[in-house]
Amino acid sequence: MDIFANNLQQQRAVTEQLRREAAIQRMPVTQAVSDIIKYVTDHEQEDCLLVGFSSQKVNPFREKSTCSIL
Amino acid sequence: MSDANQVNNSSDKVASLMKEAESLKQKLEEERQKLNDVTLSTIAERLEMISYINIKPRRILKGHQAKVLCSDWSPDKRHIVSSSQDGKLIIWDAFSTNKEHALTMPATWVMSCSYSTSGNAVACGGLDNKVTVYPITSEEDISSRKKTVGTHTSYMSCCVFPNSDQQILTGSGDSTCALWDVESGQLLQSFHGHSGDVMAINPAPNEVGNTFVSGSCDKMAFIWDMRTSHVVQSFEGHQSDINSVKFHPSGDAIATGSDDSTCRLFDLRADKEVATYSKESIIFGVNSVDFSVSGRLLFAGYNDYTVNVWDTLKSQRVCLLYGHENKVSCLQVSPDGCALSTGSWDFTLRIWA
């Protein structure tokens, strides 16, 4: 008996999840990806790995200077 | 009612639920296709190409005696915790490459490690099926203050503090995720739905912090509501295990990396895949992905020892980072976006900036 009850419970969970997913609001891909592009372009200047550092001095992982004050 | 009747009754119900599930799946696919009016790379055509990226290897962290399996940046943008197959957890000063703490875990294969939100504790676990939290203090031996918070019925593959030091979220080979109270060790919420090992989790970047994404060997990525423990959205498309998932910094999309040698971008609001990052020449699996702070770049660590850097908008590869001498198992952009850490089966971690 348990296996049948288990089966039923599992299938019920799967169907309920699909019902919830079917009920969500979706937006057209054009709009969704335009918003992503906007977010990226708004933040590109803060992205050091993308645009680099204004000067290597501000790079916390720059090579240590080879000359030192004696 | 007789047993036979009950069985009939229950199998009727199962059959009708399965039928409904099939029609819902079809409806979902139709709805998604209806709104699929353009591709991301078409809209991104007007953007300038990324012509040059100046990312160089800056540090090598040597000290693990076996494969590096996971690493995490401290919120202070300077320290890194890493875990290894040798059963060790090391806390590094990434600036100086010094080891500040080395902890020996009771079991080998420490598959995951994570800094708490405050940076005052780290969590880790793996083949021991457990998640253990260590407070970081100036004491010599911090292992005396360790605390076992939760236990899964199979290996723990990933852990993260989703909003504060008080709660920890874990993913496991037992195909579930779980939210634990650090202080009491109480299981606050458990997340059932995957039909394969959970390999990766990532909380949404939004302040509200009520959702997270999981990726699994069942090839699916799920978006979960932490309060209800329900799956809110599910994404399929990968042909093999998903090893890594990461939210886009906007919070509106997720990236996945898979054994099928592709990375993909799924948009939450369009509820579908909007980009695939792959090349014919790339045939090795992806173990780890992360975005640069703007979300323009996606870093992906592969089994062929390389890191590929993708332009997420134009779906083109920008460059390759060579250096590791074995599989790249983990990578992460630092919290301020200034550096990338990578960990490898070659026993080392490297910092790129």
Quiz item: Looking at segment B:179-202, which of the residues that are β-branched (V, I, T) and in a strand (DSSP E or B) is farthest from B:Y134 (Cα to Cα)?
Solution: B:V198
Quiz item: Considering only residues of segment B:42-55 that are facing chain A (nearest Cβ under 8 Å) and assigned to a helix (DSSP H, G or I), which is nearest to B:I351 (Cα to Cα)?
Solution: B:A44
Quiz item: Can you list the strands (runs of 3 or more DSSP E) found entirely within segment B:92-173 that contain at least 2 residues being in contact with a strand residue (DSSP E or B) (Cβ under 9 Å, 6 or more places away or on another chain) and among the hydrophobic types (A, V, I, L, M, F, W, C)?
Solution: B:98-104, B:121-125, B:130-135, B:156-160, B:167-172
Quiz item: Give me the pairs: first residue in segment B:22-41 and at the interface with chain A (Cβ under 7 Å from one of its Cβ atoms), second residue open to solvent by 60 Å² or more (accessible area, probe 1.4 Å), beta-carbon distance under 7 Å, and six or more apart or on different chains, which are they?
Solution: B:L24/A:R19
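Listed here are the residues, each with its yes/no results for (1) open to solvent by 40 Å² or more (accessible area, probe 1.4 Å); (2) more than 7 Å from chain B (Cβ to nearest Cβ).
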{"site": "A:N7", "(1), (2)": "yes, no"}
{"site": "A:D35", "(1), (2)": "yes, no"}
{"site": "A:K38", "(1), (2)": "yes, yes"}
{"site": "A:L49", "(1), (2)": "no, no"}
Practice problem: Might you check whether a residue that is in contact with a Gly (Cβ under 6 Å, 6 or more places away or on another chain) and within 16 Å of B:G63 (Cα to Cα) occurs anywhere in segment B:111-131? | Solution: no
Quiz item: If B:Q233 satisfies every condition in (1) of a type in the set (S, T, N, Q); (2) at pLDDT 95 or above; (3) open to solvent by 40 Å² or more (accessible area, probe 1.4 Å); (4) closer than 21 Å to A:A22 by Cα but one, which is the exception?
Solution: (3)
Quiz item: Just one of the numbered conditions (1) outside any loop (DSSP other than H, G, I, E, B); (2) more than 10 Å from chain A (Cβ to nearest Cβ); (3) more than 20 Å from B:V309 (Cα to Cα) is not true of B:S240; which one?
Solution: (1)
Self-check item: Number of positions in segment B:89-107 that are free of Cβ contacts under 8 Å to residues at least 40 places away in the same chain and either of a type in the set (V, I, T) or surrounded by fewer than 19 Cβ atoms within 10 Å (Cβ to Cβ) (or both)
Solution: 12
Quiz prompt | Residue match in segment B:281-297 (condition: within 26 Å of B:H79 (Cβ to Cβ), more than 12 Å from chain A (Cβ to nearest Cβ) and charged (D, E, K, R)) | solution = no
Exercise. Among the residues of segment B:326-340, write down those that are buried (at least 24 other Cβ atoms within 10 Å of the Cβ), part of a loop (DSSP other than H, G, I, E, B) and away from chain A (no Cβ under 12 Å).
Key: none
Practice problem: Give B:Y305, B:Y277 a once-over and let me know the one that is open to solvent by 10 Å² or more (accessible area, probe 1.4 Å), away from every other protein chain (no Cβ under 14 Å) and farther than 20 Å from A:H43 by Cα. | Solution: B:Y305
Exercise. Looking at (1) open to solvent by 40 Å² or more (accessible area, probe 1.4 Å); (2) among the acidic types (D, E); (3) under 19 Å from B:K327 (Cβ atoms), find the lone condition where B:D290 falls short.
Key: (1)
Quiz item: Exactly one of (1) within 14 Å of chain A (Cβ to nearest Cβ); (2) of a type outside the set (A, V, I, L, M); (3) open to solvent by 10 Å² or more (accessible area, probe 1.4 Å) is unmet by B:F266. Its number?
Solution: (3)
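The values are calculated or read from the model by the stated rules, or taken from the named source; none is laboratory data. The shown structure was predicted, so the numbers you read here are calculated from the model rather than taken from an experiment. Here the Cβ is made from the backbone with ideal geometry for all residues, glycine too, and neighbour counts use every protein chain on show. Remember, those area values only see protein heavy atoms, side chains included, never the ligands or the DNA or RNA. Shrake-Rupley method; radii C 1.70, N 1.55, O 1.52, S 1.80 Å.
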